[in-house]
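See structure below.
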Amino acid sequence: MNYDLLVMKFGGTNMQDSRAIRHSASLAARSIRVGVKVVVVVSAMAGVTNQLLKLADAAQSGDIAAANDEIALMRTRHFTAAQELGAAPDSVTVREIREMHETLRQAVYGVYLLRELTPRSRDLIVAFGERLSAPLMSLALEQDGLRAHHLSGGEAGILTDSHFGNAKPMPNTYERVRDRLSGLLAAGVTPVVAGFMGETEKGAITTLGRGGTDFSATIVGKALGADEVWAWKDVDGVMSADPRVVKDAQNIEVLSYGEVMELAYFGAKVLHPLAVTPLQESGIPLRVKSAADPDFPGTLVQAQPRDEDGHPVKAVTAIRNVSIINVSGAGVLGIPEVIASVFDAIARENVTLLMVSQSSSMSNVSLAVQTVDAERTLVALRAGVSLELKVEEQPGVAVLAIVGSGMRGQKGVSARMFTALAEQDVNVLMISQGSSELNVSVAVEAAHVDAATLAVHRAFGLGTAATA
Ligand SMILES: Nc1ncnc2c1ncn2[C@@H]1O[C@H](COP(=O)(O)OP(=O)(O)O)[C@@H](O)[C@H]1O
Ligand SMILES: N[C@@H](CC(=O)OP(=O)(O)O)C(=O)O
């Protein structure tokens with residue numbers, strides 16, 4: 001196919017050192033050399049985001065020495081990569097990287113002095129990962145003989161709300177991105193955008209949620225009306241299960257936007273849950289491609305699902321570290337207000353509900369939430385619902401989901417899942433099926449999640465070694 005404009009996203013693994021960055025740059029250069037305009041969107045070097053989160057916590061708790069040690073390690077890593085990518089010690093890029101580390105150090109010192117880490121200051125700190133990797137990609141492209149210019153998310157026009165840690169693009173983002181990037185592209189310069197981050201109207205730095213560089217890339221793709229968005233990964237594409245858990249997981253050739261959203265929501269770390277949302281209106285396809293095998297087609301994500309005969313389910317996913325919150329007591333019985341107050345309390349706390357179920361007698365409501373959100377949920381519920389109700393946490397849970405548009409209207413799909421689970425002696429704690437019939441999800445004990453994933457994957461004939 002002849003492309004005019006592509007957006008290419010490179011994740012942490014593809015930015016992890018100078019070798020990976022050079023290889024990623026060569027993947028962009030392959031298209032640029034044949035006349036395709038490319039916008040590159042990059043993540044932080046692998047591990048850097050977690051390191052930044054950790055050092056921010058250390059500063060908050062008063063351990064500035066530990067925080068500074070981490071900054072020094074990161075600094076060495078970025079300088080080494082810059083040097084290996086040909087930057088002279090007194091070059092503009094090295095100076096820029098040095099200045100960014102200095103600003104980071106000051107921000108972290110501020111957290112230490114105040115012993116306070118607000119969502120806003122956390123975003124400022126954590127976005128340095130992407131701001132520091134973007135100049136490295138520019139260097140690699142320039143070494144390849146191309147013209148490149150790196151920009152922070154805000155400089156690239158990504159304007160967000162002020163929901164720090166999980167910000168969403170504002171409607172005028174798209175116009176701004178177009179304004180900021182079109183000129184560069186027209187001049188034959190490849191823009192390199194720091195992913196994961198944006199900026200509020202007042203200039204505060206925000207982040208788009210973990211894995212958010214996928215989201216940045218699709219925002220840019222929509223803004224520029226790209227032919228496609230390519231997310232380069234360390235896997236062949238979106239697979240029928242996490243390949244770290246299921247060795248014979250297979251690449252899925254085609255998925256719909258809806259299927260990918262369900263997969264990401266239910267724990268497939270391969271794409272950000274909102275990544276496809278900017279593409280839905282325009283129908284711009286997203287391709288997940290393997291950086292190790294660039295000619296392999298990977299996974300094409302588009303508006304229409306493609307159903308495989310005899311395979312109603314395309315993938316099995318799991319969310320770990322889940323807790324079930326049980327609200328029970330005679331007071332729940334038949335009183336809709338109780339249910340309303342449960343949801344009110346959850347909404348106020350902005351907790352993501354993974355599953356909800358209510359016993360038919362209405363004497364019990366169970367909610368599955370991430371364990372990190374459990375304490376907040378318990379406090380909010382205890383404050384928000386009547387005193388006779390018992391609110392308890394059951395930790396050590398995982399949510400397992402099967403996803404596929406082919407299960408719509410198909411009988412026996414859930415039965416097949418439950419038989420596979422029963423054969424593995426896996427106890428099912430909660431069950432839910434969305435009315436879209438794109439998924440069925442169950443809560444199981446965390447200790448059983450890998451065995452359950454393998455069994456369900458096999459039962460639906462998804463692996464190479466499977467017997468359907
Ligand atoms: N269904 C799945 N298909 C592909 N990869 C998956 C799936 N579920 C989980 N993963 C994991 O997601 C990882 C890729 O996502 P991620 O590391 O966020 O990519 P990147 O940082 O390169 O953008 C893979 O290494 C893989 O282990
Ligand atoms: N660096 C961010 C954003 C991101 O998308 O990273 P990756 O592409 O490596 O998953 C994170 O770790 O969440």
Taking the stretch 9-32 and keeping residues under 13 Å from residue 292 (Cα atoms), more than 9 Å from ligand 1 (Cβ to nearest atom), of a type in the set (S, T, N, Q) and within 23 Å of the chain's Cα centre (by Cα) leaves 24
Inspect the stretch 134-152 for any residue being within 16 Å of ligand 2 (Cβ to nearest atom) and within 19 Å of residue 202 (Cα to Cα) and give the result as yes or no. yes
Restricted to the stretch 192-214, and to residues that are under 15 Å from the mean Cα position of the chain (by Cα) and surrounded by fewer than 23 Cβ atoms within 10 Å (Cβ to Cβ), which residue is nearest to ligand 1 (Cβ to nearest atom)? 211
Here are some residues: 268, 223, 249. Which one is out of contact with any His (no Cβ under 9 Å at 6 or more places or on another chain) and modelled with pLDDT of 95 or more? 223
State whether the residues of the stretch 99-116 include one that is within 16 Å of ligand 2 (Cβ to nearest atom), buried (at least 22 other Cβ atoms within 10 Å of the Cβ), aliphatic (A, V, I, L, M) and in contact (Cβ under 8 Å) with a residue 12 or more places away in the chain. yes
Only one of these conditions is not met by residue 234: (1) more than 15 Å from ligand 2 (Cβ to nearest atom); (2) modelled with pLDDT under 95; (3) surrounded by fewer than 18 Cβ atoms within 10 Å (Cβ to Cβ). Which number is it? (1)
Out of 314, 411, sole residue that is within 24 Å of residue 455 (Cα to Cα), among the charged types (D, E, K, R) and either out of contact with any Asp or Glu (no Cβ under 7 Å at 6 or more places or on another chain) or modelled with pLDDT under 85 (or both): 411
Do you know which of the residues in the stretch 45-63 that are over 22 Å from residue 114 (Cβ atoms) and polar (S, T, N, Q) is surrounded by the most Cβ atoms within 10 Å (Cβ to Cβ)? 49
Looking at the structure I just gave you, is residue 452 over 23 Å from the mean Cα position of the chain (by Cα), more than 22 Å from residue 310 (Cβ to Cβ) and touching a residue at least 40 places away in the same chain (Cβ under 8 Å)? yes
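A quick yes/no check of all residues on (1) in a loop (DSSP other than H, G, I, E, B); (2) more than 10 Å from ligand 1 (Cβ to nearest atom):
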{"residue": "216", "(1), (2)": "no, yes"}
{"residue": "221", "(1), (2)": "no, yes"}
{"residue": "237", "(1), (2)": "yes, no"}
{"residue": "243", "(1), (2)": "yes, no"}
{"residue": "248", "(1), (2)": "yes, yes"}
{"residue": "259", "(1), (2)": "no, yes"}
Quick check: is even one residue across the stretch 350-369 assigned to a helix (DSSP H, G or I), in contact (Cβ under 8 Å) with a residue 24 or more places away in the chain and either within 19 Å of residue 449 (Cα to Cα) or assigned by TED's automatic domain parsing to the domain that holds residue 326 (or both)? no
For the stretch 176-213, name all the residues that are in contact (Cβ under 8 Å) with a residue 60 or more places away in the chain, part of a helix (DSSP H, G or I) and touching a Gly at 6+ places or on another chain (Cβ under 8 Å). 181, 213
Among the numbered conditions (1) more than 22 Å from residue 39 (Cα to Cα); (2) touching a Gly at 6+ places or on another chain (Cβ under 7 Å); (3) within 16 Å of ligand 2 (Cβ to nearest atom), tell me where residue 243 comes up short. (2)
Kindly list the number of the only condition in (1) within 11 Å of ligand 1 (Cβ to nearest atom); (2) part of a loop (DSSP other than H, G, I, E, B); (3) in contact with a Lys or Arg (Cβ under 8 Å, 6 or more places away or on another chain); (4) of a type outside the set (Lys, Arg) that fails for residue 288. (2)
Would the stretch 40-48 turn up any residue that is in the same structural domain as residue 223 (by TED's automatic domain parsing) and away from ligand 1 (no atom under 16 Å from the Cβ)? no
Filtered residues of the stretch 21-54 (kept if under 22 Å from residue 76 (Cβ atoms), more than 11 Å from ligand 2 (Cβ to nearest atom) and either without any contact (Cβ under 8 Å) to a residue 60 or more places away in the chain or in contact with a Lys or Arg (Cβ under 6 Å, 6 or more places away or on another chain) (or both)): 54
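The values are calculated or read from the model by the stated rules, or taken from the named source; none is laboratory data. Please read all numbers here as calculations on a predicted model, not as lab measurements. Neighbour counts run over all protein chains shown; Cβ positions are idealised from the backbone, glycine included.
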